[in-house]
1. Select from segment 164-179 the residues that are in contact with a Phe, Trp or Tyr (Cβ under 9 Å, 6 or more places away or on another chain) and in a helix (DSSP H, G or I) and list them in ascending order.
2. What about ALA90, is it at pLDDT 90 or above, assigned to a helix (DSSP H, G or I) and out of contact with any Gly (no Cβ under 8 Å at 6 or more places or on another chain)?
3. Only one of LEU139, LEU163, LEU184 is open to solvent by 10 Å² or more (accessible area, probe 1.4 Å), modelled with pLDDT of 85 or more and of a type in the set (A, V, I, L, M, F, W, C); which?
4. All but one of (1) more than 18 Å from THR83 (Cβ to Cβ); (2) loosely packed, with under 15 Cβ neighbours inside 10 Å; (3) within 13 Å of the chain's Cα centre (by Cα) hold for ALA158; which doesn't?
5. Could you please tell me which pairs satisfy a Cβ distance under 6 Å, a separation of 6+ or placement on different chains, a first residue in segment 176-192 that is among the hydrophobic types (A, V, I, L, M, F, W, C), and a second residue that is assigned to a loop (DSSP other than H, G, I, E, B)?
6. Only residues in segment 82-102 that are within 22 Å of LEU163 (Cα to Cα) count as the first member; pair them with residues that are of a type in the set (S, T, N, Q) and at pLDDT 85 or above, Cβ under 7 angstrom, at least 6 apart or cross-chain, and list the lot.
Amino acid sequence: MALGVVVVAGAGVVLFQPDHREPALSVPDLVCQEAVPGTHVKALLPGTGEPFREGHAVGFVVGGPEELGRCDLSGGGTDLEVTYKMVQEADFSWESVQRETAKPGRTLIWLGEARGYTGSDRAALFVDCPSGEGRKDVLEVSVGVEPAPEAEAGDRTAELSALAADVARVIGHELKHCEGASRLPYGPPKPG
């Protein structure tokens, strides 16, 4: 009889032990002031862990006057930084993009006429955006992730470049009305 009580008591302890699994990470459908699709953000963040959080976000709302935009996202112990800036013609050269692309671990990417680079922790796209004053300015979109474990570099590279493309379409077309953004195809960039 005593053995039966011990077995039943042991089963009760197992049934009422707290669940030590991490909670599922829930990423909204739209991020960065509800301007950017969250699909690739979901793929870049772990599936479980500390809750999703959108921290500092400025410059993603249509009609905003900012020439700089930034959105900090986090969840599951991973941080994402999404930025854009308008680069004036005099401060930009495609040669500088090529130098970045030539760094170890980087790959050239194309999205229609836009081009840029991607690596295990960062992707950047550059979109033609002529100004009203006749300058040939450029919209620079950058997405970075920390930490960037080597084991997941390939998967993160594709998702980083796809997220950069989403941001370039939203900011370039809807917010900055860049001529080059109206010709950006849907889908991820192609490697170079």
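The values are calculated or read from the model by the stated rules, or taken from the named source; none is laboratory data. Nothing here was measured: the structure is a model prediction, and the numbers come from that model. Note that each Cβ is placed from the backbone with ideal geometry, even for glycine, and that neighbours are counted across all protein chains shown. For the accessible areas, the whole protein counts, side chains as well, though only heavy atoms, and no ligand, DNA or RNA atoms are used. Shrake-Rupley method; radii C 1.70, N 1.55, O 1.52, S 1.80 Å.
1. Selection gives ALA165, VAL167, ALA168, ARG169, VAL170, ILE171, GLY172, LEU175.
2. Details: at pLDDT 90 or above: no; assigned to a helix (DSSP H, G or I): yes; out of contact with any Gly (no Cβ under 8 Å at 6 or more places or on another chain): yes.
When the stated conditions are applied, ALA90 does not pass them.
3. Result of the check over LEU139, LEU163, LEU184: LEU184.
4. (2)
5. If the second residue must be assigned to a loop (DSSP other than H, G, I, E, B), the pairs left are CYS178/CYS129; LEU184/GLY112.
6. Listed pairs, sorted by first residue: THR83/SER142.
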